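Right, one structure below, let's go through it.
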Amino acid sequence: MPKPKKRRFSIVKAVKANARDRVGTVPPERVIPDPKQKRAARPKHKETLADLLGRQEDRES
């Protein structure tokens, strides 16, 4: 059976391990909002002045 390969020292891995010890582990993932739902919540076009005035007249009568 061959000897296991000796691992080289990596500064990046050492720094990350040190940060994990001090701060804690990183959260597993962030939830990214669905762009389709975001678009559906916001109207694509602003209402025109005629639409706003028409709605206001319906309320008054």
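Observations on the model:
- With respect to the conditions (1) surrounded by 10 or more Cβ atoms within 10 Å (Cβ to Cβ); (2) not charged (D, E, K, R); (3) not in a helix (DSSP H, G or I), His45 lacks only one, and its number is (1).
Conditions tested, residue by residue: (1) without any contact (Cβ under 8 Å) to a residue 12 or more places away in the chain; (2) surrounded by fewer than 10 Cβ atoms within 10 Å (Cβ to Cβ); (3) assigned to a loop (DSSP other than H, G, I, E, B).
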| position | (1), (2), (3) |
| --- | --- |
| Phe9 | yes, yes, yes |
| Lys16 | yes, no, no |
| Ala19 | yes, no, no |
| Glu57 | yes, yes, no |
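- Single condition Gly24 does not satisfy, out of (1) surrounded by 10 or more Cβ atoms within 10 Å (Cβ to Cβ); (2) modelled with pLDDT of 80 or more: (1)
- Within the range 28-42, tally of residues that are outside any helix (DSSP H, G or I) and modelled with pLDDT of 80 or more: 7
The values are calculated or read from the model by the stated rules, or taken from the named source; none is laboratory data. All figures in this text were calculated on a predicted structure; none of them were measured in a lab. Please note: Cβ atoms are built from the backbone with ideal geometry, for glycine as well, and neighbour counts cover all protein chains shown.
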